[in-house]
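See below for the structure under consideration.
The values are calculated or read from the model by the stated rules, or taken from the named source; none is laboratory data. Please read all numbers here as calculations on a predicted model, not as lab measurements. Cβ placement follows ideal geometry from the backbone for every residue including glycine, while neighbour counts extend to all protein chains displayed.
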Amino acid sequence: MLVAGVDEAGRGPLAGPVVAAAVILNPNSPIENLKDSKLLSAKKREYLFEQINNQALAVSWSSCSVIEIDSINILQASLLAMRKAILNLKIMPNQVLVDGNILPNLSGLVVDARAIIKGDQLEPAISAASIIAKVIRDRLMLELDQKYPIYGFLKHKGYGTKEHVAALKRYGQTIEHRNSFLKKILGCKEHA
């Protein structure tokens, strides 16, 4: 049976896209030390990212932009990115295992699906998806750091650290910041 693990990265930050990944591991080519991406160093994530891409039967990722996040909310954007990642797999799984407690809309797909709380710590395929999503999002945040170096995206990846909030107060927001998140913090209404 082909099982796809699905997870996302970037639900909590104030800036940047949310990224979701879907991975079908190869049972004949196991990958050791798969775990929740948050429990791994950046170096270990990069190493496993390469292993997953080289050994898995299928790997896919998708994202939703800041505009989509502000338009449909972060939960719906995360679920949409998950759906797109599943649809982008080169082979369709028989079963989809999603980290969390809510499934994305899988209408039109003939698959068994389960949401698993802490699935990224329990299911290797979800752990693999967690790693893919995190590495891709970190790379996208590196690009934003190069475009907007004064915000320190490379360091905090868009999360609401003291340094990030201070930069927002000093320089205003970019088009890469989530209005829906900043309203709560800064009372912002529009991008600078």
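Restricting to region 54-70, count the residues that are of a type outside the set (D, E, K, R), closer than 21 Å to MET141 by Cα and not in a strand (DSSP E or B).
Final tally of qualifying residues: 4.
Which one of ALA113, ALA129, ALA58, ALA125 is within 13 Å of the chain's Cα centre (by Cα) and either within 15 Å of VAL6 (Cβ to Cβ) or modelled with pLDDT of 95 or more (or both)?
On inspection, the qualifying residue turns out to be ALA129.
Among all residue pairs at least 6 apart or on different chains, which show Cβ distances below 8 Å where the first residue, located in region 130-155, is in the same structural domain as ALA56 (by TED's automatic domain parsing) and the second is among the polar types (S, T, N, Q) and crowded, with 20+ Cβ neighbours inside 10 Å?
Going by the 8 Å Cβ cut-off, the qualifying pairs are SER130/SER37; ILE131/SER37; ALA133/SER37; LYS134/SER37; VAL135/SER37; ILE136/SER63; ARG137/SER63; LEU140/SER63.
Only residues that are among the small types (Gly, Ala, Ser) and part of a helix (DSSP H, G or I): list them for region 125-166, please.
Those that are among the small types (Gly, Ala, Ser) and part of a helix (DSSP H, G or I): ALA125, SER127, ALA128, ALA129, SER130, ALA133, ALA166.
Filtering region 158-169 down to residues that are touching a residue at least 12 places away in the same chain (Cβ under 8 Å) and more than 14 Å from ARG11 (Cα to Cα), which residue is farthest from the chain's Cα centre (by Cα)? Write out each step before concluding.
Going residue by residue through region 158-169, those that are touching a residue at least 12 places away in the same chain (Cβ under 8 Å) are 158-160, 164-165, 167-169.
Next, only the ones that are more than 14 Å from ARG11 (Cα to Cα) stay: 164-165, 167-169.
Values: HIS164: 20, VAL165: 22, ALA167: 24, LEU168: 23, LYS169: 27 Å.
Among those residues, the one meeting the criterion is LYS169.
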